[in-house]
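Reading through the structure tokens given below for one structure.
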Ligand SMILES: [Mg+2]
């Protein structure tokens, strides 16, 4: 079975959200108002953006700020041992892709490949191109697109995806994602949709 995961808020969480970190360094104050709706660096001032790009590619930042969600590392190890192929698709500006690859290699060495889309762009064509059997994400829009194309989907529950995508299984943590993936694989094997 080929499993595709989103990265941020699906497999990782942020001890310090990047926008807070950058704004504290530059402005000495927290982000005021709503957090940015996506990770496009254009939402920051040029000075903050410059610091943020450097931070993303620093060992300090990648070691200190993003952390694996509960059970996410066990999840990927378990699915790897079960013979499944695993991919991550994440939205990243070009400048911060090298740091992201380091992070994935450190936390999730079982992942076969990490693929990038530009921030604000849909992952749909990348998901299609990989021929995935299931898509796991916290973004309800990506889940709706994947589900509409006939792909089984699992929502990593978060406050921003309370609006239900009716065909997705809702997982409160990565332990539950693992349980859903195991059940899905049983079904796909039973109905002859996958061979292994
Ligand atoms: Mg996400």
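From the set of residues in the stretch 166-190 that are under 15 Å from residue 134 (Cα atoms) and in a loop (DSSP other than H, G, I, E, B), which is modelled with the lowest pLDDT?
Selected residue: 167.
So which of 156, 178, 146 is closer than 19 Å to residue 67 by Cβ and within 14 Å of the ligand (Cβ to nearest atom)? Quick ask: steps written out before the conclusion?
Values: 178 fails: within 14 Å of the ligand (Cβ to nearest atom); 146 fails: closer than 19 Å to residue 67 by Cβ.
None of the other options fit; the residue is 156.
Which one of these does residue 115 not meet: (1) crowded, with 16+ Cβ neighbours inside 10 Å; (2) under 13 Å from residue 4 (Cβ atoms); (3) under 13 Å from the mean Cα position of the chain (by Cα)?
Evaluating residue 115 over (1) crowded, with 16+ Cβ neighbours inside 10 Å; (2) under 13 Å from residue 4 (Cβ atoms); (3) under 13 Å from the mean Cα position of the chain (by Cα) leaves (1) as the failure.
Within the stretch 10-18, identify whether any single residue is away from the ligand (no atom under 15 Å from the Cβ), modelled with pLDDT of 70 or more and surrounded by fewer than 16 Cβ atoms within 10 Å (Cβ to Cβ), and answer yes or no.
Among the residues of the stretch 10-18, at least one is away from the ligand (no atom under 15 Å from the Cβ), modelled with pLDDT of 70 or more and surrounded by fewer than 16 Cβ atoms within 10 Å (Cβ to Cβ), which makes the answer yes.
With the structure loaded, tell me whether residue 96 is more than 13 Å from the ligand (Cβ to nearest atom), under 21 Å from residue 52 (Cα atoms) and surrounded by 16 or more Cβ atoms within 10 Å (Cβ to Cβ) or whether it fails that test.
Yes; evaluated as a whole, the condition is true for this residue.
Go through the stretch 126-169 and give me each residue that's out of contact with any strand residue (DSSP E or B) (no Cβ under 8 Å at 6 or more places or on another chain) and surrounded by 18 or more Cβ atoms within 10 Å (Cβ to Cβ).
Once the filter is applied, which keeps residues that are out of contact with any strand residue (DSSP E or B) (no Cβ under 8 Å at 6 or more places or on another chain) and surrounded by 18 or more Cβ atoms within 10 Å (Cβ to Cβ), the stretch 126-169 yields 139, 145.
The values are calculated or read from the model by the stated rules, or taken from the named source; none is laboratory data. Everything quoted here is computed from the prediction, not taken from an experiment. All Cβ positions, even for glycine, are placed from backbone atoms using ideal geometry, and neighbour counts span all protein chains on display.
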